[in-house]
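These notes concern the structure reproduced below.
The values are calculated or read from the model by the stated rules, or taken from the named source; none is laboratory data. Quantities reported herein were computed from a predicted structural model and do not represent experimental measurements. Here the Cβ is made from the backbone with ideal geometry for all residues, glycine too, and neighbour counts use every protein chain on show.
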């Protein structure tokens, strides 16, 4: 257990796996600098190893690039192309934690074989049992990154100034974990 000013995390130690059907890895980018485009990666997997001292826990998450969805098939195809994620050459985006204090999760985010440190703000949702007796836990983690740090540099100038896609991207992970026996 760990306690912070904002939250108390009480999670039984052991191995937890991501419940992909109740998890979303999403992102938000500005489009034309006037509106937001939201996307998700539909295929996500990972594990959390919870230690007795929760600050010694570890997290590993992978999102399959080919599973990106934004509500526009043409945009999804463009995001999978070499202009952005290059899904054929780099099929997954990964995160591996380096530290956790109960409110922030630090680690290494790898996109297109470029690894950079990021820090997520974490909100603990709680622990409960589903109707079949499985123990589940929920978290939300959010960070903001500059996509150019990972070589995601494609853009287009727009009339009147500005660009088509923002450099600043917000990443949000809404995760449900399942305790392993």
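Of everything in the stretch 1-18 that is at pLDDT 95 or above and surrounded by 17 or more Cβ atoms within 10 Å (Cβ to Cβ), the residue that is nearest to residue 42 (Cα to Cα) is 18. Pairs are defined by a Cβ separation below 8 Å, a sequence spacing of at least 6 or placement on different chains, a first member in the stretch 73-85 that is touching a residue at least 60 places away in the same chain (Cβ under 8 Å) and on the phi < 0 side of the Ramachandran plot, and a second member that is part of a loop (DSSP other than H, G, I, E, B) and crowded, with 18+ Cβ neighbours inside 10 Å; the pairs so defined are 84/152; 85/152.
Given the criteria more than 30 Å from residue 156 (Cα to Cα), touching a residue at least 12 places away in the same chain (Cβ under 8 Å) and in a strand (DSSP E or B), does residue 40 qualify?
no
Of all residues in the stretch 124-151, those that are at positive phi have Cβ atoms under 6 Å from Cβ atoms of residues that are in a strand (DSSP E or B), 6 or more apart or on another chain, in 151/114. In the stretch 140-164, of all residues being part of a strand (DSSP E or B) and modelled with pLDDT under 95, the one that is nearest to residue 105 (Cα to Cα) corresponds to 163.
Being farther than 23 Å from residue 155 by Cα and at pLDDT 95 or above is true for just one of 45, 81, 72. Which residue is that? Break it down into steps so the answer makes sense when it comes.
Numbers: 81 fails: farther than 23 Å from residue 155 by Cα; 72 fails: farther than 23 Å from residue 155 by Cα.
When all the criteria are applied, what remains is 45.
Criterion applied to 174, 167 was being within 11 Å of the chain's Cα centre (by Cα) and in a strand (DSSP E or B), and the one residue passing it is 174.
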